[in-house]
1. Kindly indicate which of B:Thr301, B:Thr263 is surrounded by fewer than 19 Cβ atoms within 10 Å (Cβ to Cβ) and without any contact (Cβ under 8 Å) to a residue 12 or more places away in the chain.
2. Sort out which residues of segment B:261-276 are in contact with a Phe, Trp or Tyr (Cβ under 9 Å, 6 or more places away or on another chain) and either within 14 Å of chain A (Cβ to nearest Cβ) or at pLDDT below 95 (or both), and write them in order of number.
3. Got at least one residue in segment B:100-108 being crowded, with 22+ Cβ neighbours inside 10 Å, part of a helix (DSSP H, G or I) and of a type in the set (Lys, Arg)?
4. Among the residues of segment A:279-301, what is the count of those that are closer than 17 Å to A:His31 by Cβ and part of a loop (DSSP other than H, G, I, E, B)?
5. Looking only at residues that are charged (D, E, K, R) and within 14 Å of another protein chain (Cβ to nearest Cβ) in segment B:279-320, which one is nearest to A:Thr218 (Cα to Cα)?
6. Checking A:Asp320 against (1) surrounded by 24 or more Cβ atoms within 10 Å (Cβ to Cβ); (2) of a type in the set (D, E, K, R); (3) without any contact (Cβ under 8 Å) to a residue 40 or more places away in the chain, which test does it fail?
7. Taking the condition over 14 Å from the mean Cα position of the chain (by Cα) and of a type in the set (Phe, Trp, Tyr), does B:Phe62 pass?
Number of protein chains: 2
Amino acid sequence: MSYTNKSEETKNLTIENDKDVVHIDDIPQNHPTAEIINLSNIFNPPETSAIIILNQEFDITFKLFTKIWENYKLKICADGGANRLFEFLTKEQNITTSIDTVLVEKYLPNFIIGDLDSLKPEIADFYSRHKVKIIQQKTQYSSDLTKSLHLCYTYFLSLSSKDDPLDQIFQGDRSNNYGVELEKGIHTLFKKHMNQNNIFSRCQIVCINGIGGRFDQTIQSIHHLYDNYHCKNGELLFITKADIIFSIAGHDDGGCFLQYDSTFFQNCGSCGILPIGKPTTINLTKGLKWDVVNWDTDIGTGGSVSTSNYFVNDCGIYIDCKDDLIMSIEYNWS
Amino acid sequence: MSYTNKSEETKNLTIENDKDVVHIDDIPQNHPTAEIINLSNIFNPPETSAIIILNQEFDITFKLFTKIWENYKLKICADGGANRLFEFLTKEQNITTSIDTVLVEKYLPNFIIGDLDSLKPEIADFYSRHKVKIIQQKTQYSSDLTKSLHLCYTYFLSLSSKDDPLDQIFQGDRSNNYGVELEKGIHTLFKKHMNQNNIFSRCQIVCINGIGGRFDQTIQSIHHLYDNYHCKNGELLFITKADIIFSIAGHDDGGCFLQYDSTFFQNCGSCGILPIGKPTTINLTKGLKWDVVNWDTDIGTGGSVSTSNYFVNDCGIYIDCKDDLIMSIEYNWS
C-alpha cells in the first residue's frame, strides 16, 4: 500500500510524484536548508562515531552487526546490553562452525556502563578479564542510554588529547570505578568537558536493540531522540533489522536536506514521517512519493500521519517541519 | 532498572510503593472509575472477539498463536497478513515433524481483506480453494487494519441474526467480491449497520504483527488506538512476543481501573504509560511501583515518561489521565 493517511482532506493536500528531481538549489527560497544529513555515511561515519548496544534482544544479522562494528570507533554496552552481545556472539559461534576465531574475544566493547543491575556476574567477569572497562553509575535519574551517550560525548570532547583519550580520562581500574564517581560521575565529567571545550564536531552514534523489543523501551529510545540536543538530525541513529530511525529537528529558519547516494536509494523502501509526542505541521516536503505542503500531522484522534511513503528522488529529499519529527526509513541490509 | 524518568523534579512527584493494596473502593471520591478493563480476559474474550493478522513478520511463538486463535471468534488477515500466516504455519510444520495435521489447512482465517496489492497470488489461490472469503477494498484512504476492523464491527453488529451472520452479510462468491462494493464497500456496510443498530456490546480484538516490525507501521498501529472510538480501553490489544499494548482513554469524569487476577499479576513485568499522541497530565495512579499525582508527561524535549514501572498491587491498578494514553505491559507468555 502506498498511502495510509486517513482522511480525504489530507490527500487533497498531498502531491503525488512519480519522479521529482530535487537538489538543494531547487528548494524554494522561503524554505532555506538549515541542516544537511548525509545518509550515505551510515557505514562511513566521522571519527567521532560510536555504537551503543542496549539491553533488548538482538534482531539484526551478524553480517550487519560486523559491518557496523568495524566502521564505528567507540563501542559501548549499556548495562545488560553486554549480556545480549555475549549471547548473540555465542549463538553465532555455535551455528557457524567454520569460524575459527572466538567471537566473544574478537568483538570486545571498550566500555560497559549503567547501574549494573542487569549485567550478569559471569559476563561481567569475562569482560573484566578481557580489559573491558566496566563503569558503575548508580543514579536512577538517568537511563543507561543517557549514561552511554555522556560517555561517548566525553570521549569525543577529549579526542584532541595527544595520548589515547580513553586512558587519559578513565584512569585506574575497576576497584576505583576507573576514576568515575559512582553515583553520576559520567554526567559530571561530560559537563566539565563541555565547559572546557563547548564546541564539538558532529558525531554519529548507532544504537542497536533500542527499538522493536519491549514497547516502553522503544518509546524511551524515541524520547532520547527528542531530549538530547546532540541526538538530533541523524547524530543518533537507531538501527533495526527492518529500518533506520532518527529525528529531524524543527527549525524556524528552514528545513533539512537528506542527502543519499544511489546505493542508499536502491536499498531503501517505505518511509514514515512520524509526529511522535505531539501534533505538528510539516511546512514542505520535496522528493517523496506523497509530498505535502502546510500539512498538519497528528497521531491522535482524527489526525493524519504519513506512513508507507517513499523516496522518489534519487539523490535526496527535503523536509521542513515546525517541530521535531521522527523519520523511519525501511532498509534492505542484505 | 526500576525508574527511567529523567528529571529530579519528576521523581519528587512520584510515590514509591512496595505494596499498595488497591480496590475500586479505595479510589478517592474525586477520581471516580469511569472504565473497568479486565486484563484477565485476554484468553477468555466475549463472543464479540476477533484476531487480526497484519503484514509484518510473526514474532510470537506457535504456542501463543494457537492459544489466541482457539479463543477468539473471528479470524481476519489484513492483505499480506495472509502471506505471513501461511509462511509462519509452513515453517512451524517443517520444524515440528511430530504434527500430523496440515497446519495451513487447520488454521484457516474467515476473511482476507485489503487492497490486495501484497497478497501473493499462490497464497490467494490456496485460501480461495479452502473457502476463505477474500474481499478486495481498493480505497487508499483507509488502512488494511481499518478495513479489517470495519469487517469485525459489521460482523459483531449482525450477531443477533438467526443464521450465520457471515453468510447473511457476505453473499455470493469471489467473482462478485462477496457482495461488497470494490472501492470501500466495507466502510459503507459498517455505517449502515451502525445506523440500524447503533449500540453494540464491548468487543475484544487482538492484533498480531502490528508492533515491532517496520517502525512506521508500529506508529500506524498506535494511531489506530487513538483514532477509533471502538479501539480504546483494551477493546483493541496489540500482542507482541514481549508485551501487550492498548490505549487508556482520557475522561473528564474519572479514571480507568485495570483489573487482573493472580495469574496475570505473576506473569506481567515492567509497564509503560506512554503519551505518544501528545503531552498530557496523569491526574492520579494507584497500585504502581512509581505512582504519580498531577504529573505532566511528555516524550518531547525536557519531558518525562513513565517506563520500566511495574504493578505492585496484586488485583488491579487505577489510572486517571487527562487525555488518551498508551499502556504497555511486559508479559511472560511461556
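The values are calculated or read from the model by the stated rules, or taken from the named source; none is laboratory data. A quick note: this is a predicted structure, and the numbers were derived from the prediction, not measured. Don't worry about glycine lacking a Cβ; one is built from the backbone with ideal geometry, like all the others, and counts go over all protein chains shown.
1. B:Thr301
2. Going through segment B:261-276, the residues in contact with a Phe, Trp or Tyr (Cβ under 9 Å, 6 or more places away or on another chain) turn out to be B:264-265, B:267-272, B:274, B:276.
B:Cys268, B:Gly269, B:Ser270, B:Cys271, B:Gly272, B:Leu274, B:Ile276, listed by residue number.
3. Filtering segment B:100-108 down to residues crowded, with 22+ Cβ neighbours inside 10 Å leaves none.
Within segment B:100-108, none of the residues are crowded, with 22+ Cβ neighbours inside 10 Å, part of a helix (DSSP H, G or I) and of a type in the set (Lys, Arg).
4. Of the residues in segment A:279-301, 1 are closer than 17 Å to A:His31 by Cβ and part of a loop (DSSP other than H, G, I, E, B).
5. Here the answer is B:Asp298.
6. Unmet for A:Asp320, out of (1) surrounded by 24 or more Cβ atoms within 10 Å (Cβ to Cβ); (2) of a type in the set (D, E, K, R); (3) without any contact (Cβ under 8 Å) to a residue 40 or more places away in the chain: (3).
7. Details: over 14 Å from the mean Cα position of the chain (by Cα): yes; of a type in the set (Phe, Trp, Tyr): yes.
Taking the combined requirement at face value, the residue satisfies it.
Here's the yes/no breakdown for (1) closer than 19 Å to B:Trp333 by Cβ; (2) at pLDDT 90 or above; (3) in a loop (DSSP other than H, G, I, E, B):
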position	(1), (2), (3)
B:Asn12	no, no, no
B:Asp25	no, no, no
B:Pro45	yes, yes, yes
B:Ala50	no, yes, no
